[in-house]
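Below is one structure, written out as structure tokens; comments come after it.
Just so it is clear, none of the values below were taken in a lab; they were calculated from the coordinates. Being a predicted model, the structure only gives us computed values, none of them experimental. Because the Cβ atoms are built from the backbone with ideal geometry, glycine has one as well, and the counts that use them run over all protein chains shown.
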Amino acid sequence: MNIESLASMTHIAQHTGSAAAPQAIVSFVQALVSSRPQALSEWLATHRLDAALAAWLHGQGMAPFVFYRLRQDQLQAAVSSAVLAQLQHAYYLAASRAALRARELTTVLQALAAHGVVPVLFKGAVLAHTVYPNYACRPMSDLDLWLSDAEIEVAIHVLAQIGYVQRFKPARPAALQALHEGEFKFYGPTPDTGLIELHRGVFAGQWLHRTTRARSSETCERLAPVVIAGQPAKMLSPEDALLQLALHLAVNHQFSYPWVRGLVDIALLARQQPVDWVLAAERARAWRVATPTWLALDLALSIVGLSEARPALARLAPSPLRRWVLHLFVNPGTLLQRRNITTGPLRFLFLLAMVDRPLDAGRLLGRAVWPEEAWLAARYGTGGLRVRARHTFNAMRGRL
């Protein structure tokens, strides 16, 4: 990582304080996720985990993980009582929520299993229980389940039976979600339940379906059985899970959430479920997702020290000009300061910059203004020139 460029990010110093300078933040995160057990104690012997750094960790959703590690490694004495109290509060709050989510997941998986449905769990639902040392270390806002089309219909019925209510955003009706492997949202019936998302795939969204060959069906033969929350489920292979996490962070969130914690997810996955980096790179190139995958792994190398990814980075790297352009949008500094580009023109320009082939970038730009007839019908319930004209007018005004 270019420490000089990070040091020039004055906003970081303003938000974290002098004791939480970018260099100290990066070295702390690398010690936290290091495969060397003594790395965290070595960092604490030469640095100070102060209130500013604790606040930064909280903002990144990593405070529960840090407190767990301090307690597990018996390092509480290396941190002031005030800072330790901050981290402890975050951990116990996360632990209570995680216990509720685990109980909810057990209930849902049991109900689905009773009807012969065993879903694929991905993102937080599987990461918390397989790659983190304790499921309280990895907060999550929802539970993501991937099912086949036939299983989706069964699952909708099952969730309704146990009190869940399905809701859609007006701009994302059911037909549109089905068109691009989108999700169906179900909200729990009581305060101790949350959001369940049923997915038709793990590579959702128009960007992926209009510019790449990443399709969930290609991962089916590589799924592995797993027991989560005491119930049988399935999970992606390490290489497919790595690509899913990288693409979700880059494409779906434009590296604007969960920032560094998203890179920690990738690093812990790669170290707990060893990845064949050459195979992962070959798959990314075949799926035409080399550029966003490279950017995620490049940031993971810079911030969390994922040096294991170097074989993939060498095979995925775009041209020096493309790398320079991408880093104008996203770089270690923007993640450290939690920059958000999910709204406004920067978001679309960044998505265009991540497309592997110029031809696909042109297609993405064209379809934003002049979408397929099937897309229009799914989005608005009907097609025709009048609907297309209204859509194009709104697109040109940047209102989509």
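Helix-derived [θ] at 222 nm for the chain: sum -39500 (n - 2.57) over DSSP H runs of at least 4, divide by residue count, nearest 500?
Values: 22 runs with 227 residues, N = 400.
After summing the helix terms and dividing by residue count, I get -17000 deg cm²/dmol.
If the reach is capped at under 12 angstrom between alpha carbons, list the aspartates and glutamates near K169, excluding any in the same chain fewer than eight residues apart. Output for K169: E183.
Note: relative contact order over the chain, using C-alpha pairs below 8 Å and six or more positions apart, is 15 percent.
Mind jotting down the distance between the C-alpha centroids of the stretch 38-94 and the stretch 325-360, whole Å? Centre-to-centre distance over Cα atoms comes out at 31 Å. Rounded, prolate or oblate: which fits the stretch 304-365 when a ≥ b ≥ c are the square roots of the eigenvalues of the alpha-carbon gyration tensor, with rounded for a/c under 1.5 and prolate only if a/b beats b/c? It is oblate, given that a/c is not under 1.5 and a/b is not larger than b/c.
Report the longest stretch of the chain that contains none of the trypsin sites (Lys or Arg not before Pro) sitting in a DSSP loop with at most 10 other Cβ atoms within 10 Å. Provide the component values of the computation, followed by the final result.
Values: sites that count: R397, R399.
With trypsin sites (Lys or Arg not before Pro) excluded where exposed in loops, the chain gives 1-396 as its longest stretch.
Taking every alpha-carbon pair in the stretch 218-297 and binning the separations at 5 Å intervals from zero gives 3, 15, 24, 24, 20, 10, 4, 0 percent. Using a Gaussian network model of the chain in which every pair of alpha carbons under 10 angstrom is joined by a spring, one finds that among W324, W207, W56 the greatest mean-square fluctuation is at W324. Remark on I228: its backbone amide H falls under 5 Å from those of A233, a criterion applied only to residues 5 or more positions apart or on other chains, H modelled at 1.01 Å from N. So what is log10(I(q)/I(0)) for the chain at q = 0.11 1/Å, when the Debye sum runs over its Cα atoms only? Debye output, listed in q order: -0.86.
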